[in-house]
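J.: Quick one: the structure is below, and I'll ask about it shortly.
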Amino acid sequence: MPALLPGVRAAAPSARRLTPSQTEGPFYPRQLPTDSDGDLMRVGTRSAAQGQATWLEGQVTDLQGRPVRGARVEIWQCDRAGHYHHPGDGDAADPDFQGFGHVMVDADGRYRFHTLRPAPYSGRTPHIHVKVRLAARELLTTQVYVEDEPGNARDGLWQSLRDPTDRAALTVAFRQLADGALQARFPIVVAA
């Protein structure tokens, strides 16, 4: 309607920024586990993972705000004790925590993982690694951090995000739900 009125200009769409990339880190799986779905709290028929259950969810869009259909979102993280399912981290990882998962986004670009609240380990603040692929193309590798986590200020990778907008894009609230689980919303913007 404003475009039809003389002298009134339509508001420009809000500028979108690409989600900042970060290092993959040393613990990306060398071999993907057999069970690598979106429920990291369950391995096969076992569901006794240690840690606070968390729903990590969001939407993958391009710079114009369109859903990136066909995108695959992967996450990997350490268990509650700070161990990855990776040969470079020994074999002390919780066998009831999947440690890695992937999902395909839905028609609206949405994704959802059932995982645990990330835990700290020596030298690192709690974080979850995220990778977005579209067919054979890798669109993004980054990490998502917990808002108001005291360890953030001492973490070299979090501190390397000099631009406050970049830091805010990767640092999200983990809010408690009525059932005691946490929910973290992490929107992802990629060049697709």
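The values are calculated or read from the model by the stated rules, or taken from the named source; none is laboratory data. This one's a predicted model, so the numbers in the text were calculated from it and none came from an experiment. Heads up, the Cβs are rebuilt from the backbone with ideal geometry, glycines too, and the neighbour counts pull from every protein chain shown.
J.: Does region 71-82 contain at least one residue that is of a type in the set (Asp, Glu), farther than 22 Å from residue 155 by Cα and either in contact with a helix residue (DSSP H, G or I) (Cβ under 6 Å, 6 or more places away or on another chain) or surrounded by fewer than 15 Cβ atoms within 10 Å (Cβ to Cβ) (or both)?
T.: Within region 71-82 (the criterion being of a type in the set (Asp, Glu), farther than 22 Å from residue 155 by Cα and either in contact with a helix residue (DSSP H, G or I) (Cβ under 6 Å, 6 or more places away or on another chain) or surrounded by fewer than 15 Cβ atoms within 10 Å (Cβ to Cβ) (or both)), the answer is no, since none of the residues qualifies.
J.: Residue check: is residue 155 acidic (Asp, Glu), at pLDDT 95 or above, out of contact with any Leu (no Cβ under 8 Å at 6 or more places or on another chain) and within 19 Å of residue 188 (Cα to Cα)?
T.: no
J.: Continuing with the same structure: Before we move on, is residue 34 surrounded by fewer than 16 Cβ atoms within 10 Å (Cβ to Cβ) and free of Cβ contacts under 8 Å to residues at least 12 places away in the same chain?
T.: yes
J.: I'd like the full set of residues that are touching a helix residue (DSSP H, G or I) at 6+ places or on another chain (Cβ under 9 Å) and without any contact (Cβ under 8 Å) to a residue 40 or more places away in the chain, limited to region 125-146.
T.: The answer is 125, 126, 145, 146.
J.: So the check is Cβ under 6 Å with 6+ separation or different chains; which pairs have a first residue in region 56-82 that's within 22 Å of residue 96 (Cα to Cα) and a second one that's of a type in the set (Ser, Thr, Tyr)?
T.: Matching pairs, first to second residue: 56/115; 73/111; 78/84; 78/121; 82/121.
J.: Give the residue that is nearest to residue 87 (Cα to Cα), with candidates limited to residues of region 7-42 that are at pLDDT 90 or above and among the aliphatic types (A, V, I, L, M).
T.: 40
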